[in-house]
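Enquirer: Dropping a structure here in structure tokens format, bear with me for questions.
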Amino acid sequence: MPIHSHSFVEQYHDLVGFGLDRSTDEATVKVYLQKFSDDDCLKEIIPRMSDQELEQVFDLLSSLLKKHLEEPEYHVLFLKEEREVL
């Protein structure tokens, strides 16, 4: 059984656009991230990215994880380790 999921993009059928309101912005970012991380999309885009672009993506994601997740959450939610969050 897979440990990662991308169900939001499959279930969301509302507006995808940015700048209307917080709720739509959050949903749009979820859709974009899940579509971007699709295996077929990554297979094509990653080799085309420059070293600087790869570093920028890595740095942005790493900084967001550090800023918004406590260490136990990081291990459970991102690393998918079997530990209790709280």
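Enquirer: Return yes when HIS13 is over 15 Å from the mean Cα position of the chain (by Cα) and in a loop (DSSP other than H, G, I, E, B) and no when it is not. Give the steps one after another, and end with the answer.
Expert: Working: over 15 Å from the mean Cα position of the chain (by Cα): yes; in a loop (DSSP other than H, G, I, E, B): yes.
In short, yes.
Enquirer: Among the residues of region 20-45, what is the count of those that are assigned to a helix (DSSP H, G or I), among the acidic types (Asp, Glu) and over 20 Å from LEU64 (Cβ atoms)?
Expert: As a first pass, look at region 20-45 and keep what is assigned to a helix (DSSP H, G or I): 22-36, 39-45.
Add one more test, that the residue is among the acidic types (Asp, Glu), and what stays is 25-26, 39-40, 44.
Those still in the list that are over 20 Å from LEU64 (Cβ atoms) too: 39-40, 44.
Looking only at that region, the number is 3.
Enquirer: So ILE3 clears everything in (1) open to solvent by 60 Å² or more (accessible area, probe 1.4 Å); (2) more than 27 Å from HIS75 (Cβ to Cβ); (3) of a type outside the set (Phe, Trp, Tyr); (4) not in a helix (DSSP H, G or I) except one condition, right? Which one?
Expert: (2)
Enquirer: With respect to the numbered conditions (1) assigned to a helix (DSSP H, G or I); (2) within 17 Å of the chain's Cα centre (by Cα), which one is the sole condition not fulfilled by GLN52?
Expert: Failing condition for GLN52: (2).
Enquirer: If I ask for residues that are open to solvent by 80 Å² or more (accessible area, probe 1.4 Å) and either in contact (Cβ under 8 Å) with a residue 60 or more places away in the chain or closer than 23 Å to LEU79 by Cβ (or both), which ones from region 44-58 would you list?
Expert: Listed by number, the residues that qualify are GLU55, GLN56, PHE58.
Enquirer: Is it true that some residue in region 28-43 is over 14 Å from the mean Cα position of the chain (by Cα) and open to solvent by less than 100 Å² (accessible area, probe 1.4 Å)?
Expert: Filtering region 28-43 down to residues over 14 Å from the mean Cα position of the chain (by Cα) leaves 40, 43.
This time we only want the ones that are open to solvent by less than 100 Å² (accessible area, probe 1.4 Å), so: none.
No, that holds for no residue.
The values are calculated or read from the model by the stated rules, or taken from the named source; none is laboratory data. These numbers come from a predicted model, not from an experiment. Because the Cβ atoms are built from the backbone with ideal geometry, glycine has one as well, and the counts that use them run over all protein chains shown. Just so you know, the surface numbers come from the protein's heavy atoms only, side chains and all, with ligands and any DNA or RNA stripped out. Shrake-Rupley method; radii C 1.70, N 1.55, O 1.52, S 1.80 Å.
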